[in-house]
Amino acid sequence: MLIINPDTYKTLVRPLLFKLSPETAQGAAEFLLHQDYLWKFLSPLLKVESPRLETTLAGIRLKNPIGLAAGYDKDCKVIPSLSSMGFGYITCGTVTAMPRPGNPKPRVLRYVEDEALVNALGFPSKGLANAADELARVQEVRANTPIVASVSGVTEEDILKCHRRLEPLVDAIEINISSPNTAGLRIFQETDGLDALLTKVNVGRQRPLFIKLPPYLSPADHPSTGDEERDRVLGLVEVCVRHEVSAVTVSNTWPVRDSRLAVGSGGLSGRVVFPDTLRMVADLKAVIGDAMAINACGGVFSGVDAFKVLRAGATTVQVLTGLIYRGPGIARSINEQLLATMDEERVVVLG
Ligand SMILES: Cc1cc2nc3c(=O)[nH]c(=O)nc-3n(C[C@H](O)[C@H](O)[C@H](O)COP(=O)(O)O)c2cc1C
């Protein structure tokens, strides 16, 4: 099957799909993902079952550590099909309280040579009520594939609304404080802003909470040194530990400028950001120890990449650009190669 082998996908399917604009190609993928029966049929070919891959994230038992990152299924529309693809968990969203159109187009670019993307989507969302309805319809999926809902907003009130409404419908909530495409979010990238938000979120919190951190790079319009940015992120991590956040997701896209985007700047993802992901995971692990789990997110394409970030201290990995460049067999291929790498490195089971 062409689409489930990442090599044939890359050489035969991807060139056809990439003749379409990124958002049109995503629309075509979503059309296929609405065919639930197709993915149920393919599911045995996409899953790797091994007790050696099982792990626990903030008390949630996972069949493998490879999660789908936020942003692929923003409106929680195709969770059953995504759950057939062999991911250990699915992150849907980012969901916002009210419907939003997002930024003007063009707002997604491909850097094909680098297997990277730049997006300036700016949270297009059908809003909270729609996401809650979609999630209520797919509760049975959670028995096999835990679901994490990513939520965000530019006010505490909006984020709290999303958290309270979606928490009972999912296994964990991830609060996205780090999209580079929504300027109003930056108040939560200040320690005081995050502290105030988490104080309120923690009132009546029932389920694990993840915070998706920004990378060590300031927004494109605020240049600064890498060290300042590293200290800023470590400051946020301390706030998360104090508020007993369950895990940090490390990290979001890296702010870059590109004049082909209607808004002139966006967030970079894909293979090129992997070295930075690895460095951040190692830095944060040294600060956090066992106080919180780490989800490594950014540029993971292979089982070797996954092994490196897990060994550096991550509990799980999240993947998005890899799915777009390597197709629906990505979780299987990462998990198979992860097992082979564990054999080579004489690692019996994951943490
Ligand atoms: C097209 C696109 C849309 C994204 N949308 C979101 C989003 O809604 N919420 C979020 O937290 N991250 C979003 N991200 C960031 C990804 O979740 C992830 O942090 C980033 O792409 C790095 O991982 P990757 O290299 O595996 O893609 C988006 C990324 C892309 C490429």
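Here the contact order of the chain, divided by its residue count and restricted to Cα pairs under 8 Å and six or more residues apart, works out to 20 percent. If R0 is taken as 25 Å, the Cβ-Cβ distance between Glu49 and Leu2 corresponds to a FRET efficiency of 0.60. Exposure proxy for Leu128, Leu2: other Cβ atoms within 10 Å of each Cβ, ordered fewest to most, give Leu2, Leu128.
Among the cysteines of the chain, Cys162, Cys240, Cys297 have no other cysteine beta carbon within less than 4.7 Å of their own.
Here is how the number arises for the chain: DSSP H runs of 4 or more residues each give -39500 (n - 2.57), the sum is divided by the residue count, and the result at 222 nm is -10500 deg cm²/dmol. For Leu16 and Asp114, a Förster radius of 22 Å and the Cβ-Cβ distance give a FRET efficiency of 0.60, rounded to the nearest 0.05.
At full extension, Asn202 and Glu238 could sit 11.4 nm farther apart than now, given 0.36 nm per residue minus the alpha carbon distance. Over the chain, the fraction of Cα-Cα pairs per 10 Å bin, rounded to whole percents and listed from the shortest bin up, is 6, 27, 38, 24, 5, 0. To the nearest Å, what is the center-to-center distance of the stretch 223-274 and the stretch 99-148, using C-alpha atoms only? The stretch 223-274 and the stretch 99-148 have Cα centres spaced 19 Å from each other.
Computed from point charges on the beta carbon alone (+1 for Lys and Arg, -1 for Asp and Glu), the dipole magnitude for the chain about its Cα centre is near 740 Debye. Panel order for Glu156, Glu344, by other beta carbons found within 10 Å of each beta carbon, from fewest to most: Glu344, Glu156. The calculated FRET efficiency for Asp133 paired with Phe41, based on their beta-carbon distance and R0 = 30 Å, is about 0.70.
In terms of other Cβ atoms within 10 Å, Arg332, Arg257 run from fewest to most in the order Arg257, Arg332.
Bear in mind these aren't lab numbers, they're just calculated from the coordinates by the rules spelled out. It should be emphasised that the depicted structure is a prediction, and the values quoted were computed from it without experimental measurement. Positions of Cβ are backbone-derived with ideal geometry, glycine not excepted, and every protein chain shown enters the neighbour counts.
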